[in-house]
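Only one structure is covered here, and it is reproduced in the block below.
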Amino acid sequence: MSTKLSFREALEQLGEPKESSPKQSGSPVRLNLTLEDIKQPVSFARFLKAQGMSLRKAHETLDRLAARETVAVELYADDAGTLISELSDLGVKACPIVPPQINARQVRERLGLSQAEFALRFGLELDTVQNWEQGRYRPDPAARLLLGIIDRDPKLVDSVLAKRTATDG
């Protein structure tokens, strides 16, 4: 018979009550987590649970970190800086996930393109580009991410679009 405790049993032995729905106090903070050196995985899991994550999700997060994956999580905290510091103390590097705040007109003008050329080159609707620039609509988070990538590396977007077009047609 094995004397090895399950993850749940280890938490219960440390005085953790059986899993109930996670509490969510504070504001949601989205982070990318990467493994540095977790010395006490049970303490890390308890911390995640205290920040609004279910025990099952905490265990999955630990498994993925152990496999050297970057794991995106949403935790709840009153102060993101304190949360990041506490995660670091537990052996996990945390980087905030923040979609860029970017001005579509500035990106387009930096590339020296007209609205029509910009829309055509990057697979956007001309009306959408015009609405962003005239302030009728704000780009959603995915569009802001795309604009940020276009701003940093327009050739990357060109190459992705060219490959997709080549395989489609």
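Remarks
- Residues that are within 22 Å of the chain's Cα centre (by Cα) and hydrophobic (A, V, I, L, M, F, W, C), drawn from region 145-165: Leu145, Leu146, Leu147, Ile149, Ile150, Leu156, Val157, Val160
- Taken over region 132-147, the residue count meeting the criterion of being assigned to a loop (DSSP other than H, G, I, E, B), open to solvent by 80 Å² or more (accessible area, probe 1.4 Å) and closer than 17 Å to Gln101 by Cβ is 3.
- Per-region count, region 38-58, residues open to solvent by less than 60 Å² (accessible area, probe 1.4 Å), within 24 Å of Ser27 (Cβ to Cβ) and not hydroxyl-bearing (Ser, Thr, Tyr): 10
- Qualifying residue in region 69-77 (condition: closer than 30 Å to Lys49 by Cβ and of a type in the set (S, T, N, Q)): yes
- Test: residue in region 76-90 that is under 30 Å from Asn131 (Cα atoms) and not acidic (Asp, Glu): no
- Residue match in region 95-112 (condition: farther than 30 Å from Gln130 by Cβ and touching a residue at least 24 places away in the same chain (Cβ under 8 Å)): yes
- Taking region 59-131 as the region of interest, the helices (runs of 4 or more DSSP H) fully inside it that hold 3 or more residues being more than 29 Å from Ser27 (Cβ to Cβ) and either of a type in the set (A, V, I, L, M) or open to solvent by less than 50 Å² (accessible area, probe 1.4 Å) (or both) are 115-121.
- Val157 touching a strand residue (DSSP E or B) at 6+ places or on another chain (Cβ under 7 Å) and in contact (Cβ under 8 Å) with a residue 12 or more places away in the chain: no
- Count - residues of region 113-146 that are of a type in the set (D, E, K, R) and in contact (Cβ under 8 Å) with a residue 24 or more places away in the chain: 3
The values are calculated or read from the model by the stated rules, or taken from the named source; none is laboratory data. Bear in mind that the values here come from a model prediction, so they are computed numbers and not experimental data. Reconstructed Cβ throughout: ideal geometry from the backbone, glycine too, with neighbour counts over all protein chains shown. Side chains included, ligands, DNA and RNA excluded: accessible areas come from the protein's heavy atoms. Shrake-Rupley method; radii C 1.70, N 1.55, O 1.52, S 1.80 Å.
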